[in-house]
1. As an exercise: evaluate ALA54 against (1) of a type outside the set (S, T, N, Q); (2) surrounded by 10 or more Cβ atoms within 10 Å (Cβ to Cβ); (3) at pLDDT 95 or above and give the number of the one condition it does not meet.
2. What about ALA60, is it free of Cβ contacts under 8 Å to residues at least 24 places away in the same chain, small (Gly, Ala, Ser), part of a loop (DSSP other than H, G, I, E, B) and out of contact with any Cys (no Cβ under 6 Å at 6 or more places or on another chain)?
3. So, in region 43-57, exactly how many residues are part of a loop (DSSP other than H, G, I, E, B) and among the acidic types (Asp, Glu)?
4. Looking at region 25-49, I want the residues that are of a type in the set (Phe, Trp, Tyr) and have a partner that is in a helix (DSSP H, G or I) with Cβ atoms under 7 Å, at least 6 apart or on another chain. Which pairs are those?
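The values are calculated or read from the model by the stated rules, or taken from the named source; none is laboratory data. Because the structure is a prediction, the values reported are computed rather than measured. Because the Cβ atoms are built from the backbone with ideal geometry, glycine has one as well, and the counts that use them run over all protein chains shown.
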Amino acid sequence: MARLPINQLVMHKLLVNQALYSQGLQATQVLGTVFDGIARHTPEGYSFQQRAAADGFREAVRERDEPFGDFGR
């Protein structure tokens, strides 16, 4: 890769990025960021933050994920 001409590397990067954008990657990333911000400011989000501060992040995640039966896999 280090021996390829820079202009060809740039063109390939643009090509790959355009394919991802066409599939909706950029919109998905924006929505994910917005939804994450909203979720952190709900009663459940505040409760999780308090639990993580009191008992540690690992314990808060374990308790959150335990009902789904897939924690630690």
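1. Here ALA54 meets the rest and fails (2).
2. Numbers: free of Cβ contacts under 8 Å to residues at least 24 places away in the same chain: yes; small (Gly, Ala, Ser): yes; part of a loop (DSSP other than H, G, I, E, B): no; out of contact with any Cys (no Cβ under 6 Å at 6 or more places or on another chain): yes.
No.
3. So the answer is 0.
4. Pairs found: PHE48/ALA60; PHE48/ARG64.
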